[in-house]
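The values are calculated or read from the model by the stated rules, or taken from the named source; none is laboratory data. Just so we're clear, the structure is a prediction, and the values are computed from it rather than from any experiment. The protein model used for the area step is the full one, side chains on, heavy atoms only, and it has no ligands, DNA or RNA in it. Shrake-Rupley method; radii C 1.70, N 1.55, O 1.52, S 1.80 Å.
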Amino acid sequence: MRYSLIDLFRTIAIVLVFFFHISIEINPIWGRVFINFGNIYRFNTGDLGIAIFIIISGLCLTLRYKNKKIEYVKFITQRFLKIYPPFFIALIMGVIFYYILPDTLLQEGYYYFPQINTADIFCSLTGFCNFLGRIGGPFLGPSWFIGLIIVLYLLFPLLLKKFKTNPYASLFILFLISLIFRYLYNNFPPLIYKLQPFFPLDYLFEFGLGIYLGLVVKNNFWTYLNKYKKLSRILIRLGLLSFPLFLVHHPLLFIVNSLEKLNVSLFVSIPLYLLVSGVFSFLLFKMIKKIPRKI
């Protein structure tokens, strides 16, 4: 069952991510950290959007599997088939942009690799860039998210079992793990690269919070907006496009700055960037639908 309320949260999350990336292009002040709890939990709008996506991931998996027996291999295979086909298609788009567009345009995007090495290719193909100390690959900035979500998927069956046994203790333990990791990562710079391979711990609490909400909140809460048919249809369409938008929007960021250098108003360049991102995400969504992803 599709929950339009959850799709509303997906839409909010992708808007926050877009706002952060656009702000980096035109006014970095807007992208600064605005939530800071003891230099441990620090959020800018992009961080907040990612946190919402992670919570939603844990929540949706729990709503789907809380009353089912999970066959681990089948579950993981389904998750891979859900994540990697759209990722690879978006990656191909990113590679095409990288090699077709001139460097002068690509450099207008804030995340640009003038040279590519073997590690860049490996992390681009796997999505495990952050494990190598990189934010993302040279072709697709958000590729770091793939490695993160895959690790959380691998942990989900075990986490769900623990949460069913004792949800409060499980959530508290995940909070402590994330708290300790974030504290060490944000306050001891020499540890940053040593802790980088464990970065999924950064979002373990958010993922666990999604599992917790899926278990303790009644299903009729999530179906609340479904009764508003027109609104529900709009939210569902936006929700379906949220992951394709997340994947394809980053390589197109050069549009904003390159048009600004041509004295094109931001009132024109930003809507144009959003339109182009929307077109490419729609094309990606259509291609994904043609790929069989069930076993």
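Table for the structure above
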read-out	value
Qualifying aspartates and glutamates (Cα of each under 18 Å from Cα of LYS164; at least 8 residues distant if same chain)	GLU71, GLU206
Choice from LYS164, LYS82, LYS218 showing the highest fluctuation, given a GNM over the chain with Cα pairs closer than 10 Å	LYS218
Highest-fluctuation residue, TYR183, TYR153, TYR168 considered, GNM on the chain with Cα pairs under 10 Å	TYR168
Candidates PHE172, PHE128, PHE205, ranked by Gaussian network fluctuation over the chain, Cα under 10 Å, top entry	PHE172
Dmax and Rg, reported as Rg then Dmax, of the range 1-62 (C-alpha, Å)	13.2, 40
Solvent-accessible area per residue, Å², over the chain with all protein chains present [probe radius 1.4 Å]	52 Å²
P(r) of the range 36-79 over all Cα-Cα pairs, binned every 10 Å from zero, in whole percent	22, 37, 22, 19, 1
Rg to Rh, two decimals, where the range 180-234 supplies the alpha carbon set and Rh follows Kirkwood	1.30
Radius of gyration and Dmax over the Cα atoms of the range 34-168, both given in Å	17.7, 56
Accessible surface ranking that places the most exposed of VAL248, VAL264, VAL279 first, with a 1.4 angstrom probe	VAL279, VAL264, VAL248
Binned Cα-Cα distance frequencies in the range 134-267 - 5 Å width, integer %	2, 8, 12, 12, 15, 15, 14, 10, 7, 3, 1, 0, 0
Helix axis angle, 167-187 relative to the chain longest principal axis, alpha carbon, degrees	30 degrees
Gained length - TYR183 relative to TYR41, 0.36 nm times residue gap less alpha-carbon distance	50.3 nm
Volume in Å³ per residue [convex hull over Cα atoms, computed for the chain]	147 Å³
The range 123-187 versus the range 1-57: alpha-carbon centroid distance in Å	16 Å
Unsatisfied cross-links (Cα-Cα over 29 Å) in the set LYS230/LYS290; LYS162/LYS227; LYS69/LYS194	LYS162/LYS227; LYS69/LYS194
MRE, 222 nm, helices only [DSSP H, n ≥ 4, -39500 (n - 2.57), over the chain, to nearest 500]	-22500 deg cm²/dmol
